[in-house]
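Some notes on the structure that comes next.
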Amino acid sequence: MGIGELYVTKDTSLVLAAYGLGSCVGVSVYDPAIKAGGLAHVLLPSSAQANQETSGNRFADVAVPSLVQKLLDLGAKRKHLICKIAGGAQTLVVPGHSNGFRIGERNVEAVREALRILGIVPSALDTGGSRGRTVRLFMDTGKVFVRIVGKEDVEL
């Protein structure tokens, strides 16, 4: 899936993946009772400054509620939802600035706030650092694996 995209399904033969998460955040939500799940690839924290032509799903404050609602529409129950997030690295370093733009950190904060508003606490996180990640959600089991560039897969 690409930047700013989200996808939900009940198809247990699929593996949903968000590749190349640098400062972006992959948000995985899964209902094991009905084996419905979804993944969002969040680019930016807030849609407040977005123009009409920009996809709302690029933003944490739009993508997270949309992802959860689409799962509820498939029959998922909020009390069953398991959420895991990965990404939010500090990949852009500006010489002379110790913290750069902090976009990765801000993305993680925005995703966590959007989840908090929905009453969802992530059960696992793999965020921060300075290396990109790929996140995969296996629809048959609900397992989420993260691969940091140059390392082996790790289950969240």
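The values are calculated or read from the model by the stated rules, or taken from the named source; none is laboratory data. On a predicted model such as this, the values are computed, not experimentally measured, just so you know. Ideal geometry is used to build each Cβ from the backbone, glycine not excepted, and the neighbour counts take in all protein chains shown. With ligands, DNA and RNA removed, areas are computed over all heavy atoms of the protein, side chains included. Shrake-Rupley method; radii C 1.70, N 1.55, O 1.52, S 1.80 Å.
Screening region 1-20 for residues that are touching a Phe, Trp or Tyr at 6+ places or on another chain (Cβ under 8 Å) and not in a loop (DSSP other than H, G, I, E, B) and picking the one that is least open to solvent (accessible area, probe 1.4 Å) gives 16.
Being at pLDDT below 95 and either under 17 Å from residue 112 (Cβ atoms) or buried (at least 20 other Cβ atoms within 10 Å of the Cβ) (or both) is not true of residue 39.
In region 56-70, the count of residues that are surrounded by fewer than 18 Cβ atoms within 10 Å (Cβ to Cβ), assigned to a helix (DSSP H, G or I), in contact with a Ser or Thr (Cβ under 9 Å, 6 or more places away or on another chain) and modelled with pLDDT under 95 is one or more. Evaluated against (1) at pLDDT 95 or above; (2) loosely packed, with under 13 Cβ neighbours inside 10 Å, residue 113 falls short on exactly one condition, (2). Considering region 100-155, and only residues there that are in a strand (DSSP E or B) and among the basic types (Lys, Arg), the residue that is nearest to residue 28 (Cα to Cα) turns out to be 136. Checking the structure you have, find out if any residue of region 71-89 is closer than 24 Å to residue 11 by Cα, of a type outside the set (Lys, Arg) and either open to solvent by 70 Å² or more (accessible area, probe 1.4 Å) or modelled with pLDDT under 95 (or both). Yes: region 71-89 contains one or more residues that are closer than 24 Å to residue 11 by Cα, of a type outside the set (Lys, Arg) and either open to solvent by 70 Å² or more (accessible area, probe 1.4 Å) or modelled with pLDDT under 95 (or both).
Among the residues of region 21-48, those identified as touching a residue at least 40 places away in the same chain (Cβ under 8 Å) and not in a strand (DSSP E or B) are 22, 23, 24, 32, 33, 34, 35, 43, 45, 46.
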